[in-house]
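Asker: Dumping the structure here so I can ask a few things about it.
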Amino acid sequence: MRVLVLGATGGLGSALARALKGHELLLSGRRAGALRELAEELGAKALPADLSDELEAQALLEEAGPLDLLLHAVGVAGRAPVRELGRNLLEEMLSIHLLTAHHALKYARFRPGARAVFFGAYPHYVQVPGFAAYAAAKGALEAYLGAARREFRREGVHLVLVRLPAVATGLWTPLGGPPKGTLTPEEAAKRVLAGVLAEPPPETLEV
């Protein structure tokens with residue numbers, strides 16, 4: 001398979017990349033140094049880019065070429081009560097979770113039967129005090145994919161939404177660390193790949 005992992009230097013992204021070692025592997029992320037180290041470890045190609053920048057995203061996807069599997073493991077968490085929630089944080093959440101996904105789908109080229117995988121969230125995990133911006137961004141991503149799925153189905157491309165429980169990644173660092181009972185990135189990656197590569201591919205995978 002020709003595989004592109006977006007957000008490859010994050011905890012989940014790097015675990016997904018390592019689980020896919022041996023495939024034709026393309027890795028992207030904003031931290032160029034860490035990305036190149038990971039690519040060298042896995043015999044992959046490093047394509048550093050900021051997906052929130054449309055021109056960078058377009059150049060990345062054009063260089064990546066036709067794909068069999070795209071994994072959008074891009075994300076960040078932010079916490080603020082609604083009355084203290086500034087526009088910058090809200091826009092950051094929407095940019096990182098929704099806009100980057102839009103740029104990926106807008107410019108990606110796929111082979112017939114390809115899968116594009118995006119990560120949502122269980123609503124009851126994120127619709128909690130302090131997480132209004134994060135919950136809004138994940139909800140917007142799910143709604144976006146629901147409409148986009150019908151368009152891409154005509155091209156023979158499957159869009160898969162994955163809902164994960166908490167995963168012990170650096171995403172939780174600004175929040176004081178992951179909650180108890182979180183999945184390791186390696187276990188999460190294993191479950192995700194087993195589900196999204198199944199036949200027929202699911203529209204929504206709840207891990």
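The values are calculated or read from the model by the stated rules, or taken from the named source; none is laboratory data. The structure presented is a predicted model; accordingly, all values stated were derived computationally and were not measured. We place every Cβ from the backbone using ideal geometry, glycine too, and count neighbours over all the protein chains shown. When the accessible area is computed, the model is the full protein with side chains, heavy atoms only, and any ligands, DNA or RNA have been set aside. Shrake-Rupley method; radii C 1.70, N 1.55, O 1.52, S 1.80 Å.
Asker: Using DSSP H assignments, which helices in the chain have an axial alpha-carbon span of 27 Å or above and a mean Kyte-Doolittle hydropathy of -0.5 or higher?
Answerer: What comes out of the filter, once short or polar helices are dropped, is 132-153.
Asker: Using a 1.4 Å probe on the protein chains only, how many percent of the accessible area of the chain belongs to carbon and sulfur?
Answerer: That fraction is 51 percent.
Asker: Using a ≥ b ≥ c from the Cα gyration tensor of the chain (square roots of the eigenvalues), is it rounded, prolate or oblate, where a/c under 1.5 gives rounded and otherwise the larger of a/b and b/c decides, a/b for prolate?
Answerer: Values: a/c = 1.41, a/b = 1.32, b/c = 1.07.
Because its axes are fairly even, with a/c under 1.5, the chain counts as rounded.
Asker: Evaluate the charge dipole of region 5-129 about its Cα centre and quote only its size in Debye, nearest 20, assuming +1 on the Cβ of each Lys and Arg and -1 on the Cβ of each Asp and Glu.
Answerer: Charge dipole, region 5-129, about its Cα centre: 340 debye, nearest 20.
Asker: I would also like to ask the following. Solvent-accessible area per residue for region 25-147 at a 1.4 Å probe radius, Å²?
Answerer: 47 Å²
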